[in-house]
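Take a look at the structure set out below.
The values are calculated or read from the model by the stated rules, or taken from the named source; none is laboratory data. Please read these numbers as outputs of a predicted model, since none were measured by experiment. FYI the Cβ positions are ideal-geometry reconstructions off the backbone, even for glycines, and counts take in every protein chain you see.
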Amino acid sequence: MEPKPIYLDNNATTRVDPAVVEAMLPFFTEHFGNASSIHAFGSEVGKALKKARGQVQALLGAEHDSEIIFTSCGTESDSTAILSALKAQPERNTVITTTVEHPAILTLCDWLEKEGYVVHKLKVDKKGRLDLDEYKSLLHDRVAIVSVMWANNETGTIFPVEEMAALAAEKGIMFHTDAVQAVGKIPIDLKNTKIDLLSLSGHKLHAPKGIGVLYLRRGCRFRPLLRGGHQERGRRAGTEASASIVALGKACEMAMLNMDKENSEVRRLRDKLENGILSQISHCFATGDVANRLPNTSNIAFEYIEGEAILLLLNKLGIAASSGSACTSGSLEPSHVMRAMGIPYTAAHGTIRFSLSVDNTEAEIDRVIAAVPPIIAQLRKLSPYWGEKGPAANPEASFAPTYA
Amino acid sequence: MWEYSDKVREHFFNPRNSGPLEDANGIGDVGSIQCGDALRLMLKVTPDTEVIEDAHFQTFGCGSAIASSSALTEIIKGMTLDDALKVSNQDIADYLDGLPPEKMHCSVMGREALQAAIANYRGEEWSDDHEEGALICKCFAIDAVMIEDVVKANDLHTVEEVTFYTKAGGGCAACHEGIEEILAKVKAERAGPGEVSPPPPCPATPEAPKPPAKKLSIVEKIKVIEGVLESVRPMLQRDHGDVELADVQGKKIYVHLKGACSGCMMEAATLGGIQQKMIESLGELVQVLPSSMMPVEA
């Protein structure tokens, strides 16, 4: 019998919790009304949306439920936030962000640069940390918005966004955080921060795909991305995806309940997995700021081998993880996050991200710890950069191909 | 996940002829760790017949790179060197029942390793003849350097032409924006500074040009020009540059770009942006040129 598959790719997406599915199902067939309608079909839905808004508000620690705007995904929330800040403040032309953001931010910023805006990308050190002095020196009156992720999707490294938001607020600059990876994994209390805008994505916390939220602090100047109907107080037109919104509300409620488990049990299993791998295999290391990261994420760089090959062999054993290697993304460059941290190419192509959730068990982690070492040994045996017992004496010199 | 054929999977999970080869007399190393693909092909050639008696590989790379290497060694074993040189990357892909389009470069690497190993056996120098740039067209693995060279050499102007000449853009069409950018860059280089007018730097404030009520005197005109330069100065200073008015000759406004702005790759774009602002503020068409282009007085 095939062993049950082990899912360790929860930073990519999560399983929709059965309780969440149960909560949303009636909104397809029974409560199918349009929340804007005056009749009973609509008002039932309206009440459910209000409840969901309150559940999201509670998880984020927002002061008002009207600060929650439902969107279609994290990317929409990110785009809305940054474009809104630029539209609402035409006298400001600069965006500050980081080199390790998700493509939802970076690709948008690259496009904005082409359109003539100024984008400053804060660099990170080899552990993926920001230089706050550099950041402070860039806060001037032409900056429309700062957008810094709360936690990195690849390494789990947490950025000091609350402190950074306070610094921006002192200079009257809007602050947005892409908190897609952080929400539900670490406690958030927005009312006691200076964060103006925050993006979250439902499918990262056991809600379905296709639902996101933009938190917009009351009083923060705003221009909608989608114009049309009066939904979401005119800040995001389009008929509410009621079933998905109800699902997200339920998922947020469950994330609140699971917050302790996430930060104790999930963290323990993550540490066990990481230590189990690092102690058995030579020439590998955990990337990012390991002392300050999400409790569920471990990103390990295996030197002299390539990530996709590792994933394929793991997959054969029913273990699902992800990689920052070039081949899995279809580009020639390995992950921009690994490159930004200065991880050498010999290791950057061989990074594997294990991301856990409250669904994972001790037995699963034990199986993964046992499965990884033979896979790494098998691939290193094939690698021209690896000798009999370790890396070729001088890998770069002993294997110097014709072109680089 | 990629759609790999069963044959690719099989060769990846059970690679043939992997590991070092004792008494190899032809070795080809290609690829690079930067690109995430590197392959060492080792051949044992019988000197009098030039038949490849044995072939082994070591590969750093993804599933299809390892499978392509394995397939290559199986294909060439028993071949004469001359026959082996006729093996194309398509032959390797066909042997594996096809590769995903994005992975065709793995088979190309296999063929290159074969050429390199045979050259090594024959005591020849093998050099790879293409320079790699950023990958633009992922369907056909065409990079920016290749596209730019072909655009320049053949004076191409449209994406369609680029597709005809290089195949780039002929697949999923996702790279058309990238190809358009290369075309625009080459066009800008052909035109030189001053003659191109790139989009204004700050499209967030599109102000329609307001024609002034009456024709400006030369003094009023220079005041407006100075005002425009003053408004862009903070932006340039932030990038450690500066701008200064040099002269106004009819519809030509000459400026000194100073500090980091002089000689900057973005000079043409900067001047284009200033020119746009000048046109809007003056309500007439003017040309903003670097002071280096001022006519020299006899």
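Please indicate, with yes or no, whether at least one residue in the stretch A:371-383 is at pLDDT 95 or above, buried (at least 22 other Cβ atoms within 10 Å of the Cβ) and not in a helix (DSSP H, G or I). The answer is no, given that none of the residues of the stretch A:371-383 is at pLDDT 95 or above, buried (at least 22 other Cβ atoms within 10 Å of the Cβ) and not in a helix (DSSP H, G or I). Of all residues in the stretch B:19-60, those satisfying the criterion of being at positive phi and buried (at least 23 other Cβ atoms within 10 Å of the Cβ) are B:GLY31, B:GLY36. The set of residues from the stretch A:332-363 being away from chain B (no Cβ under 14 Å), part of a helix (DSSP H, G or I) and buried (at least 24 other Cβ atoms within 10 Å of the Cβ) comprises just one member, A:VAL337. Look at the stretch B:195-232 and say how many of its residues are at pLDDT 70 or above and either closer than 12 Å to B:GLY273 by Cα or within 12 Å of chain A (Cβ to nearest Cβ) (or both). Total meeting the criteria: 4. All of (1) more than 10 Å from chain B (Cβ to nearest Cβ); (2) of a type in the set (Gly, Ala, Ser); (3) over 26 Å from A:LEU205 (Cβ atoms) hold for A:GLY116 with one exception: (1).
Conditions tested, residue by residue: (1) free of Cβ contacts under 8 Å to residues at least 12 places away in the same chain; (2) of a type in the set (A, V, I, L, M, F, W, C); (3) buried (at least 18 other Cβ atoms within 10 Å of the Cβ).
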| position | (1), (2), (3) |
| --- | --- |
| A:ALA23 | no, yes, yes |
| A:GLU30 | yes, no, no |
| A:SER36 | no, no, no |
| A:THR75 | no, no, yes |
| A:VAL118 | no, yes, yes |
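The residue of the stretch A:208-243 that is surrounded by the most Cβ atoms within 10 Å (Cβ to Cβ), among those that are within 24 Å of A:SER43 (Cβ to Cβ) and within 15 Å of the chain's Cα centre (by Cα), is A:VAL213.
Tallying residues that are at pLDDT below 95 and in a loop (DSSP other than H, G, I, E, B) within the stretch A:91-114 yields 0. Scanning the stretch B:74-112 for residues that are assigned to a loop (DSSP other than H, G, I, E, B) and within 13 Å of chain A (Cβ to nearest Cβ), we see that the one that is surrounded by the most Cβ atoms within 10 Å (Cβ to Cβ) is B:LEU99. Restricting the stretch A:310-326 to residues that are outside any helix (DSSP H, G or I) and at pLDDT 95 or above, the residue that is surrounded by the fewest Cβ atoms within 10 Å (Cβ to Cβ) is A:GLY318. Within the set A:ALA62, A:ALA88, the sole residue that is touching a Lys or Arg at 6+ places or on another chain (Cβ under 9 Å) and surrounded by fewer than 20 Cβ atoms within 10 Å (Cβ to Cβ) turns out to be A:ALA88. Can you find even one residue in the stretch A:297-316 that is free of Cβ contacts under 8 Å to residues at least 60 places away in the same chain, away from chain B (no Cβ under 12 Å) and at negative phi? Yes, the stretch A:297-316 contains at least one residue that is free of Cβ contacts under 8 Å to residues at least 60 places away in the same chain, away from chain B (no Cβ under 12 Å) and at negative phi. Within the stretch B:17-73, restricting attention to residues that are in contact (Cβ under 8 Å) with a residue 60 or more places away in the chain and not in a strand (DSSP E or B), the residue that is farthest from the other protein chains (Cβ to nearest Cβ) is B:ASN25.
If you filter the stretch A:201-229 down to residues that are aliphatic (A, V, I, L, M) and in contact with a strand residue (DSSP E or B) (Cβ under 8 Å, 6 or more places away or on another chain), you find that the one that is farthest from A:LEU83 (Cα to Cα) is A:LEU205. Only residues that are under 20 Å from A:VAL213 (Cα atoms) and more than 11 Å from every other protein chain (Cβ to nearest Cβ) were counted in the stretch A:72-96, giving 12. Has the stretch A:127-138 got at least one residue that is facing another protein chain (nearest Cβ under 10 Å), surrounded by fewer than 17 Cβ atoms within 10 Å (Cβ to Cβ), of a type outside the set (Asp, Glu) and under 21 Å from A:ALA168 (Cα atoms)? Scanning the stretch A:127-138, I find at least one residue that is facing another protein chain (nearest Cβ under 10 Å), surrounded by fewer than 17 Cβ atoms within 10 Å (Cβ to Cβ), of a type outside the set (Asp, Glu) and under 21 Å from A:ALA168 (Cα atoms), so the answer is yes.
Hey, among the residues in the stretch B:133-161 that are in a loop (DSSP other than H, G, I, E, B) and surrounded by fewer than 17 Cβ atoms within 10 Å (Cβ to Cβ), which one's modelled with the lowest pLDDT? The extreme case among them is B:GLY133.
If I filter the stretch A:4-21 down to residues being among the aliphatic types (A, V, I, L, M) and touching a strand residue (DSSP E or B) at 6+ places or on another chain (Cβ under 9 Å), which single residue comes out as surrounded by the fewest Cβ atoms within 10 Å (Cβ to Cβ)? The selected residue is A:ALA12. No other residue among A:ALA40, A:ALA23 is in contact with a Gly (Cβ under 9 Å, 6 or more places away or on another chain), among the aliphatic types (A, V, I, L, M) and over 24 Å from A:ALA237 (Cα atoms) apart from A:ALA23.
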